[in-house]
Every structure is written in C-alpha cells, then in structure tokens.
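This report refers to the structure that appears directly beneath it.
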Amino acid sequence: MSMLRSFGLSLLLAGTAGPALGAGYAPVSDGVIGNLRVAPKNAAEVAAQCDSRLDALAHLRARVEAMPHSTEPLTLLAGYDDLYNLAFTTAYTEPYVIKDTSPDAEIRKAAEECVQRASAALVDLGASRPIYERLQAVEKAPIPPTLRHMVNRQLDSYRRLGVDKDEATRMRIGELQNRVTAASIEFEGNISADTRSVSVSPAELEGMPQDWLAAHPVGTDGLVQIGMIYPDVMPLSRYADSADVRKRVMTAFANRAYPANNAVLRRIIDDRTQFAGLLGYPDYAAYDFANRMAGTPARVQSFLDEIDGVARPIGEAEAARMLARLRKDDPTLASLGSWSSGYATRLIRKEDYEVDPEQVRQYFVFDKVQAGILDLTRDLFGVEIRPWATEVWHPDVEAFEMVQDGTVIGRFYLDMHPREGKFTHAQMAPLRFGINDRVLPVAVLETNFPKGLMEHSDVVTFLHEFGHLLHWIFAGRQDFAAQNPMELENDVVEAPSQLLEEWVWDYDTLKRFATNAEGEPIPAALVEKMNVSRRFGEAFGTMQQLGYAGASLAFYSGVPADRNLADVYDTAYNRYALAPNPEGTHSYAAFGHLTGYGASYYTYQWSKALASDLLSEFRKHGLRDPATAGRYRDLVLAPGGSASMNLLAKNFLGRDWTVDAYRAELELGR
C-alpha cells in the first residue's frame with residue numbers, strides 16, 4: 001500500500017529545497033504544530049486543533065505572500081518550506097491517522113471534517129499566484145544546481161493545478177478538487193463501515209486451521225459468522241475445503257461497500273475528468289502520468305504489455321495446473337475461479353513442493369515476527385530500536401524510537417490489529433516531517449494482522465509496510481520538510497518497501513525469529529522448499545496485479561456517463577487476470593487505490609521492476625551485508641525526495657536501472 005492516500009497530495013509534494021535555511025527567515029511552523037496529539041479525548045479537541053492550525057496557516061500564508069520578490073532566494077525558499085510544513089501537517093498527519101484509527105466514531109468524524117477543511121485550504125493555496133510568482137523569482141536566481149530540480153518540479157505542480165489559468169477556471173478547479181477530496185473520504189469510509197458477514201455451519205469449515213476455528217466460535221444459532229476483515233477472509237480462501245463456502249465468502253468480500261460506492265466512484269471519475277479537461281488533458285490518466293517517470297498512458301500501457309508478454313505464458317500454465325489439481329477432487333469443474341486459486345496454490349505447494357502453509361504458519365507468531373523485524377533493522381542498518389513512552393490511542397498500539405550513534409533519529413507507532421471502524425488495509429502514514437536539527441520524523445503503521453499465528457504472506461506485508469516506515473525515518477534529516485520521500489516520482493515510491501520483502505525468504509534472517517511453540521527454529525530445508533515453491537503462482541499473481549493496473553487506467557481514460565462501471569472494471573481486469581471473480585461482484589467498490597492512486601496502480605509493477613534491480617546489489621554481496629545495506633540507506637533512502645529516483649538508483653547501482661532483473665525473476669517460474 002502507498003505511504004499515504006490523498007488526491008490533494010500533489011498540491012505541495014513537489015516542493016523546493018536548499019542546502020541551508022535562509023538566514024533571513026525564522027520558521028514558525030514548528031511552534032504552531034507543537035507536540036503530537038494522536039489520542040484526542042473528544043471530537044471538540046480535534047476541531048479545536050484544526051481551527052488553531054488553519055488560523056495559523058492563513059496568517060503564515062499572508063506573510064509568505066507578502067515577501068518581496070527581491071528577497072534572497074534561500075530565504076524565500078525557507079518561507080515557502082515553513083508554509084509547506086504547516087499546510088501538509090494540518091491536512092494530512094494527525095487528522096488522517098485519527099480518522100483511520102481512533103476507536104471513537106465521533107472523533108473519527110471530526111478528523112474527517114478537519115481533513116476536508118484543511119484540504120480545501122490547500123486547494124486554495126495551490127491557486128496562490130503570489131506564492132507561484134515567488135517561486136518563479138527563485139527559479140530566475142542563480143540558485144545551486146541541487147535546488148534547480150526541486151524548484152522546477154514545484155512550479156510544474158502549481159501549473160498542473162491551474163495557477164496560471166483565469167480566475168473562473170481556477171475557481172472551478174478548486175471546486176472539483178474539494179469535491180474529489182470529500183468523495184474520496186466518503187469512499188474509504190464506506191469500506192470501513194461495511195460490516196456484512198457470511199454465516200456458515202461448522203461442517204462447512206473443514207480444512208480450516210484450529211486457531212482460526214477457535215477464534216470463530218459457533219453462535220447460539222449453530223452457525224459461524226465470518227466477517228469481511230483480512231484475518232477472517234484470507235485464511236479461509238486458502239484453507240476451506242468447501243468451494244461453495246469460499247465462493248460465498250469471496251463474493252461478499254468482493255461486494256464490500258457496494259452499492260454505496262458505485263455512485264461515489266462515478267462522481268470521482270467524472271470530477272477528475274472535468275479537472276483534467278480544464279488543464280488541457282484529454283483525460284485524467286494523461287494528467288496523472290504527466291509528472292511521473294512513465295509520462296503518458298501510452299508508455300504505461302506499453303509497460304503493462306511488456307510485463308504481460310513475460311508473465312502470461314507462465315501464468316497460464318500455472319492456472320492450468322491449478323485447474324487440473326482441483327479437478328482431481330471435482331472432475332466436473334469447468335474453469336478456475338478466483339475463489340479457488342489460493343486454495344489450489346496451497347494444495348500444489350503442499351503436494352508437489354512439500355510446503356504445507358499450515359506447517360509454515362506454526363513458525364510465525366505475531367509477537368515474534370514483530371521482534372524479528374525490529375532485530376533485522378538493527379542488524380542491517382546499525383540502529384537501536386527501543387520503546388518510546390508516549391500516549392497511544394488504543395491498548396493494541398505500541399510506540400518505539402530509533403537511535404543511531406547514540407542519537408534518536410525518529411519515532412513510530414505500530415497499530416497492527418483489526419478493530420471496528422479502523423482502516424481495513426495496510427499503510428504507513430506520516431505524522432511529522434523530519435527536519436534537520438529541528439523536528440524528528442514520526443510515522444505510524446496501520447495494518448490488520450491476527451494476534452496469533454500469521455500466514456507467511458502476512459509477514460511479507462509486514463516487512464513491506466515497514467520498508468515505507470524506514471524510508472520515512474532514514475530520510476528524516478533533511479534541511480527542508482519538502483525534501484521528504486513523497487517528493488519522489490510517485491511511480492517508484494513502492495520500490496524501497498518491495499525490496500525489503502526479500503528478507504523474509506532468507507533463512508539466515510528467518511531462523512532468528514521464526515520458531516514454533518516448542519521454540520524450535522524453522523528448518524533450513526523447509527525454507528529452501530519455500531523458496532522453490534514461491535515461484536509457483538508468481539506469474540499468475542502478476543497477471544492479477546496487471547488486471548488491477550488495467551482497471552485503474554480504464555476508469556480514468558474516459559468513461560462515458562452511461563457506461564456501467566462494473567463492465568469497465570470486468571473488461572479491463574479480465575484482460576489480464578487469469579481467474580475471473582464471482583459473477584455479480586463489484587470489487588471496484590472497495591478498491592481504495594482508485595482514490596489515492598487514481599489511474600496509477602501500475603506503480604506497483606513499475607516499482608517492482610526498480611526494486612528487483614536494486615536488490616541485485618544485495619544478491620552480489622549478501623542480503624545481510626551491512627556495507628551494502630549502509631550504502632542503500634545512505635544513497636537511496638536518506639536523500640528522500642531531494643533528487644529523482646533515477647539519480648539515486650544510479651548512484652547505488654553505478655548505472656541506469658532497467659527492468660531486466662524483474663523480467664529474469666518472472667522467468668524463474670517457467
């Protein structure tokens with residue numbers, strides 16, 4: 001999942017930066033922002049903090065807009081960065097975390113309202129010609145080369161938000177942005193609020209692990225209720241012997257937030273289409289890609305087709321093998337459905353590769369996994385991680401701080417288990433920008449893992465999200481807030497987290513924390529078999545990812561008002577995915593990436609290609625080689641968004657990055 005989901009993110013994310021703060025400017029944002037307040041006592045406290053910060057933002061904006069054009073360039077940049085820090089913190093830090101995690105519905109609602117109000121303030125700021133003109137003044141000055149990239153990118157962002165259009169157009173653009181922000185919050189809220197469940201008899205749960213059954217007792221009606229949370233649904237899709245139960249549960253899961261989100265998504269699509277048109281683009285996809293590495297919808301489609309050409313024949317062979325295995329139990333089965341692909345994959349890995357996921361999960365207890373990931377971070381990057389005594393918003397939440405060479409370099413929260421009203425997927429969300437000698441970076445992980453035994457795939461997800469967190473913290477010693485990691489091209493932000501996933505396939509890493517109830521470490525022979533079997537189904541899964549990417553591209557490439565959204569999704573998704581979803585489902589209604597990532601779900605595949613290439617350096621020297629990890633931290637993570645990822649990757653690899661390593665990985669599945 002992305003580090004943060006927000007339509008308005010582009011407003012201030014392509015900011016400016018400099019080697020030192022302007023001597024003539026004293027920042028005020030740090031004092032206004034103050035201490036973290038992530039566990040408000042009531043909704044009024046959330047509203048009061050929002051009011052205070054918005055008032056301060058208006059005053060600071062007026063101050064920066066009044067700075068003479070002749071002001072020394074670094075001082076102008078310091079003023080802008082002060083505004084950036086306050087604006088982004090007001091809209092997208094505590095309010096976003098609170099709306100996603102607070103146990104109190106009224107507090108979550110107040111935080112949602114703050115996000116909408118603050119987002120509207122940012123939209124208005126994005127139309128500020130005085131700010132734009134001062135950035136133009138910086139552009140014309142003899143600034144250091146290290147600033148040129150950032151200033152040009154920021155000016156481009158302002159133009160992409162219509163700052164150079166006439167007043168009527170700017171007003172309409174602002175209206176559309178605010179509408180999309182509100183609709184995006186509504187879209188995500190509908191997903192979190194969906195409490196549907198499926199009732200099944202105990203006899204229908206043959207094959208389910210005992211710990212899962214213990215967590216799902218039989219009710220007074222003699223039935224077991226299966227909710228639509230990941231710890232309920234994902235294990236069932238892999239272990240339940242009953243194809244009917246798998247299909248019923250996956251049908252309900254694929255219909256979350258439907259029909260409510262059908263109309264919401266239509267509004268988002270229509271408003272983004274109008275928005276792009278006002279800026280001279282044929283559709284929102286063309287707008288969305290214009291400042292990314294890919295550049296154009298044609299280049300994105302070409303990339304998807306390139307990966308498709310490698311993965312499809314392998315994936316089709318895997319799908320045929322899955323169907324053949326299922327037909328051993330049911331000779332009448334005509335085709336492979338999505339509700340049976342995970343189940344068939346598990347059977348094949350167990351029978352053909354001697355990897356039984358139920359055996360594997362005995363070695364992955366949540367508490368040990370978390371401790372192991374923290375230990376891995378210590379070993380790789382030479383840091384200490386220790387408890388941080390601070391207020392939390394729920395008893396499940398833990399807090400830590402990271403120390404390097406005796407100095408605290410960042411802090412983070414882990415909110416890892418599901419509960420009512422909480423964000424239902426997995427993400428890292430920022431709470432504070434790291435600014436050198438001023439503010440420590442702070443972030444929170446929000447996931448939905450079981451408290452006991454975990455699937456190995458859950459461990460992969462844990463390390464993926466933790467990779468985002470490490471990026472945020474290691475990049476947290478910038479001179480300016482606007483050099484944070486989300487300043488990078490958005491289609492590579494997943495690369496650092498995807499790269500880190502590799503360590504949970506490494507025996508030398510797993511043996512340190514993956515132990516069973518008797519304390520015995522996971523056997524080396526089992527890990528070796530896991531690595532052989534992991535390639536089965538990889539291309540099949542890649543085709544599914546291409547399906548999601550194709551769907552996000554299709555939704556934002558011009559959808560007529562009378563076109564059924566389910567048809568758009570099914571046509572685009574099934575162009576790639578090799579196992580169709582149950583008939584009558586509407587997966588797009590709970591496809592949260594359609595709001596934050598817009599047309600750009602291809603980012604996951606693009607980032608995967610980069611991550612595979614970066615990983616080649618570790619393969620040369622060893623996954624646990626501290627020198628390589630140190631170079632990676634210093635050359636790729638620590639610079640944050642101060643330069644293009646193309647340059648950062650080249651600095652680390654000694655050459656331009658390519659998709660060759662990813663292509664080779666996919667071909668291992670042949």
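Of the residues making up segment 234-286, those that are buried (at least 20 other Cβ atoms within 10 Å of the Cβ), of a type in the set (A, V, I, L, M) and closer than 30 Å to residue 361 by Cα number 6.
Show me the helices (runs of 4 or more DSSP H) found entirely inside segment 586-669 where at least 2 residues are of a type in the set (Lys, Arg) and surrounded by fewer than 18 Cβ atoms within 10 Å (Cβ to Cβ). Steps first, answer last, please.
Numbers: elements: 593-596, 603-621, 626-632, 645-653, 660-667.
Qualifying helices (runs of 4 or more DSSP H): 603-621.
Return a yes/no flag: does segment 515-534 have any residue that is surrounded by 19 or more Cβ atoms within 10 Å (Cβ to Cβ), within 22 Å of the chain's Cα centre (by Cα) and more than 20 Å from residue 598 (Cβ to Cβ). Among the residues of segment 515-534, not one is surrounded by 19 or more Cβ atoms within 10 Å (Cβ to Cβ), within 22 Å of the chain's Cα centre (by Cα) and more than 20 Å from residue 598 (Cβ to Cβ), which makes the answer no.
Those helices (runs of 4 or more DSSP H) of segment 81-144 in which 2 or more residues are over 19 Å from residue 175 (Cα atoms) and either without any contact (Cβ under 8 Å) to a residue 40 or more places away in the chain or small (Gly, Ala, Ser) (or both) occupy 105-126, 129-140. Checking the structure you have, find out if any residue of segment 247-260 is in a helix (DSSP H, G or I), of a type in the set (Ser, Thr, Tyr) and modelled with pLDDT under 95. No, every residue in segment 247-260 fails to be in a helix (DSSP H, G or I), of a type in the set (Ser, Thr, Tyr) and modelled with pLDDT under 95. Just give me the residues in segment 433-453 being out of contact with any Asp or Glu (no Cβ under 8 Å at 6 or more places or on another chain) and either buried (at least 24 other Cβ atoms within 10 Å of the Cβ) or closer than 23 Å to residue 611 by Cα (or both), in sequence order. Matches in segment 433-453: 433, 434, 441, 442, 443. Selection of segment 176-204 for residues being buried (at least 16 other Cβ atoms within 10 Å of the Cβ) and farther than 28 Å from residue 588 by Cα yields only 204. Contact map, segment 532-554: first residue among the acidic types (Asp, Glu), second residue assigned to a helix (DSSP H, G or I), Cβ cut-off under 9 Å, separation 6 or more or different chains; pairs are 538/311; 538/314; 538/315; 538/318; 538/665; 538/666.
Pairs linking a residue in segment 652-670 that is assigned by TED's automatic domain parsing to the domain that holds residue 614 and closer than 16 Å to residue 532 by Cβ to a residue that is hydrophobic (A, V, I, L, M, F, W, C) and loosely packed, with under 12 Cβ neighbours inside 10 Å, with Cβ atoms under 9 Å and 6 or more positions apart or on different chains, do not occur. Is it the case that some residue within segment 449-468 is part of a loop (DSSP other than H, G, I, E, B), among the aromatic types (Phe, Trp, Tyr) and touching a Leu at 6+ places or on another chain (Cβ under 9 Å)? Within segment 449-468, not a single residue is part of a loop (DSSP other than H, G, I, E, B), among the aromatic types (Phe, Trp, Tyr) and touching a Leu at 6+ places or on another chain (Cβ under 9 Å). The lone criterion from (1) in the same structural domain as residue 612 (by TED's automatic domain parsing); (2) surrounded by 18 or more Cβ atoms within 10 Å (Cβ to Cβ) left unmet by residue 569 is number (1). Residues in segment 549-570 that are in contact with a helix residue (DSSP H, G or I) (Cβ under 7 Å, 6 or more places away or on another chain) and part of a helix (DSSP H, G or I): 549, 550, 551, 552, 553, 554, 555, 565, 568, 569.
Would you point out the residue of segment 205-231, among those that are assigned to a helix (DSSP H, G or I) and free of Cβ contacts under 8 Å to residues at least 24 places away in the same chain, that is surrounded by the most Cβ atoms within 10 Å (Cβ to Cβ)? Working first, answer last.
Restricting attention to segment 205-231, the residues satisfying the condition of being assigned to a helix (DSSP H, G or I) are 205, 210-214, 230-231.
Pick out the ones that are also free of Cβ contacts under 8 Å to residues at least 24 places away in the same chain and you get 210, 213-214.
Working: 210: 9, 213: 13, 214: 9.
Once the filter is applied, the top-ranked residue is 213.
Determine, yes or no, whether residue 445 is closer than 30 Å to residue 343 by Cα, in a strand (DSSP E or B) and at pLDDT 95 or above. Break it down into steps so the answer makes sense when it comes.
On the way: closer than 30 Å to residue 343 by Cα: yes; in a strand (DSSP E or B): yes; at pLDDT 95 or above: yes.
Against the criterion (closer than 30 Å to residue 343 by Cα, in a strand (DSSP E or B) and at pLDDT 95 or above), residue 445 qualifies.
In segment 30-47, of all residues being loosely packed, with under 14 Cβ neighbours inside 10 Å and of a type outside the set (S, T, N, Q), the one that is farthest from residue 80 (Cα to Cα) corresponds to 41. Residue 434 satisfies every condition listed in (1) under 30 Å from residue 634 (Cβ atoms); (2) free of Cβ contacts under 8 Å to residues at least 40 places away in the same chain; (3) not acidic (Asp, Glu) except (2). Of the residues making up segment 556-571, those that are in contact (Cβ under 8 Å) with a residue 12 or more places away in the chain and more than 23 Å from residue 277 (Cα to Cα) number 2.
The values are calculated or read from the model by the stated rules, or taken from the named source; none is laboratory data. Everything numeric here is computed off the predicted structure, so don't read it as measured data. In this analysis, Cβ positions are derived from the backbone assuming ideal geometry, glycine residues included, and neighbour counts consider all displayed protein chains.
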